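Asks: Just passing along the structure, written as structure tokens.
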Amino acid sequence: MDVRTLARYPFFKESGQLIRSKDISLEDLVGDIALERARLMGKRRVLVALEKGEVPEAPFASEYEALLELLSYPVARMMVASVQDPYLTRRYALSEAVAANSRLQGEEIVFIEAVAKELEVDLSRENGSARIHFSDFLRYTNQMRSKTWKLINQIVDGGYVILTKQKAIRVLQNAIQKKIEKELEEMVVNDLILRGFQGQLDEIRGIVAEKKARFKAEDLGKVRITRFPPCMYQLLAMVQAGENVPHTGRFAIVSFLHNLGMSNEEIFNVFATVPDFNERKTGYQIEHITGKISSTEYTPPECATMKSYGLCPGPDETCLRIRHPLSYYRLKARMEGQKGTGSPPRKAAK
């Protein structure tokens, strides 16, 4: 595989082989003045992932430009691994995976097969579409709660799920993200790397800390977390831990918090630490769910629907007495001898 292709898809094992063939050592990557530009590009790769959520496509005027782009990938990985922050790790892995998704859309299915082989995903061509073994499909879509990704809604033939090229690439995106996350978590960072990148690491740590401090959502003010049903407590915990929350889960927690009286700005701040946070998209979704730019103020799904979405972690004793998350919150408030949080739910639970 040529250097230009590897620069676009640096997660291939061949990337390391090519770098070694150029006699570029770890010491060179960290300190060689000739590779200063690659180090700057690597830091930019991390910062762009933090701020924008996707590593942009870079045009290559020459093979040397492509090589620098390729070298920026291991540099960025060393920086992320050195910071040792789960939020940064997930955010960076997601950004690389999203970028790969965008680039793969323009590739032939034979190349997509090669990517799948690299990721150890059992994928093959199927009359212009793709076949993915059901075990791999489940492994890489288990966090995608939309009904369109449930196995029961797929075409399955002989143990293989038949997918369009676009959906197959979406599955590979998740596989790429998991691969990068795992590699970063297992990466051993030595003193050479820590000393060589000290200035860059301090800057990155400062930005991560500032981001977390700005959008910290542990204190929800007048809303009492102790009254949350298990489903909403789990969703909120996932958000605050920087984990990816499925679309159905985001809808549920946004509508739940809105009906408890939280403002759109307060809800926005709750979501601002998730790895795939997009300021414009998040703001639009919140305003739509809360009725600011739509004709409907939504209430969260009832318990039966939450279970069908796979968002119910298991009922507690209070759950057995109600059929809706908002009813759980109200019942808890009454059990505590109080009338609510100051701002009653806007709608009656169905």
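Asks: All but one of (1) closer than 25 Å to ALA97 by Cβ; (2) in contact (Cβ under 8 Å) with a residue 60 or more places away in the chain hold for GLU27; which doesn't?
Replies: Every listed condition holds for GLU27 apart from (1).
Asks: Is the stretch 93-112 home to any residue that is surrounded by 15 or more Cβ atoms within 10 Å (Cβ to Cβ), touching a strand residue (DSSP E or B) at 6+ places or on another chain (Cβ under 9 Å) and touching a residue at least 12 places away in the same chain (Cβ under 8 Å)?
Replies: Yes, the conditions are met somewhere in the stretch 93-112.
Asks: What number goes with the only condition from (1) loosely packed, with under 14 Cβ neighbours inside 10 Å; (2) charged (D, E, K, R); (3) under 30 Å from GLU51 (Cα atoms); (4) at pLDDT 85 or above that GLU287 does not pass?
Replies: (1)
Asks: Residue by residue through the stretch 19-47, note down the ones that are of a type in the set (A, V, I, L, M) and either surrounded by fewer than 18 Cβ atoms within 10 Å (Cβ to Cβ) or closer than 20 Å to ILE176 by Cα (or both). Working first, answer last.
Replies: The first filter runs over the stretch 19-47 and keeps only residues of a type in the set (A, V, I, L, M), leaving 19, 24, 26, 29-30, 33-35, 38, 40-41, 46-47.
Passing the criteria: LEU26, ILE33, ALA34, LEU40, VAL46, LEU47.
Asks: Being assigned to a helix (DSSP H, G or I) and of a type outside the set (Val, Ile, Thr) is the filter; apply it to the stretch 286-302 and report the residue that is nearest to PHE268 (Cα to Cα).
Replies: So the residue we want is GLU287.
Asks: Given the options ALA130, ALA116, name the one that is crowded, with 17+ Cβ neighbours inside 10 Å and over 23 Å from VAL55 (Cβ atoms).
Replies: Numbers: ALA116 fails: over 23 Å from VAL55 (Cβ atoms).
So the residue among ALA130, ALA116 that is crowded, with 17+ Cβ neighbours inside 10 Å and over 23 Å from VAL55 (Cβ atoms) is ALA130.
Asks: Looking at this structure, is GLU279 within 21 Å of LYS211 (Cβ to Cβ), surrounded by fewer than 21 Cβ atoms within 10 Å (Cβ to Cβ) and either in the same structural domain as ASN153 (by TED's automatic domain parsing) or among the charged types (D, E, K, R) (or both)?
Replies: Numbers: within 21 Å of LYS211 (Cβ to Cβ): yes; surrounded by fewer than 21 Cβ atoms within 10 Å (Cβ to Cβ): yes; either in the same structural domain as ASN153 (by TED's automatic domain parsing) or among the charged types (D, E, K, R) (or both): yes.
Judged against the criteria, GLU279 is a match.
Asks: Hey, among the residues in the stretch 113-132 that are touching a residue at least 24 places away in the same chain (Cβ under 8 Å) and in a helix (DSSP H, G or I), which one's nearest to ARG4 (Cα to Cα)?
Replies: The residue in question is VAL115.
Asks: Same structure, new question: Tell me the residue from SER95, SER124, SER21 that is among the polar types (S, T, N, Q) and assigned by TED's automatic domain parsing to the domain that holds ILE169, please.
Replies: Values: SER95 fails: assigned by TED's automatic domain parsing to the domain that holds ILE169; SER21 fails: assigned by TED's automatic domain parsing to the domain that holds ILE169.
Answer to the selection: SER124.
Asks: In contact (Cβ under 8 Å) with a residue 24 or more places away in the chain and more than 22 Å from the chain's Cα centre (by Cα): does that describe GLU317? Lay out the reasoning, then the answer.
Replies: Values: in contact (Cβ under 8 Å) with a residue 24 or more places away in the chain: no; more than 22 Å from the chain's Cα centre (by Cα): yes.
No, not satisfied.
Asks: Just need a number here: residues in the stretch 303-323 that are in a loop (DSSP other than H, G, I, E, B), surrounded by fewer than 17 Cβ atoms within 10 Å (Cβ to Cβ) and out of contact with any Ser or Thr (no Cβ under 9 Å at 6 or more places or on another chain).
Replies: Within the stretch 303-323, the first condition is being in a loop (DSSP other than H, G, I, E, B), and the residues that meet it are 309-318, 322-323.
From what's left, surrounded by fewer than 17 Cβ atoms within 10 Å (Cβ to Cβ): 310, 313-318, 323.
Right, trim to out of contact with any Ser or Thr (no Cβ under 9 Å at 6 or more places or on another chain) and you get 313-318, 323.
Summing the residues that are in a loop (DSSP other than H, G, I, E, B), surrounded by fewer than 17 Cβ atoms within 10 Å (Cβ to Cβ) and out of contact with any Ser or Thr (no Cβ under 9 Å at 6 or more places or on another chain) in the stretch 303-323 gives 7.
The values are calculated or read from the model by the stated rules, or taken from the named source; none is laboratory data. Quick caveat: nothing in here was measured; it's all calculated off a predicted structure. Using ideal geometry, Cβ is built from the backbone for each residue, glycine included, and neighbour counts are taken over all protein chains shown.
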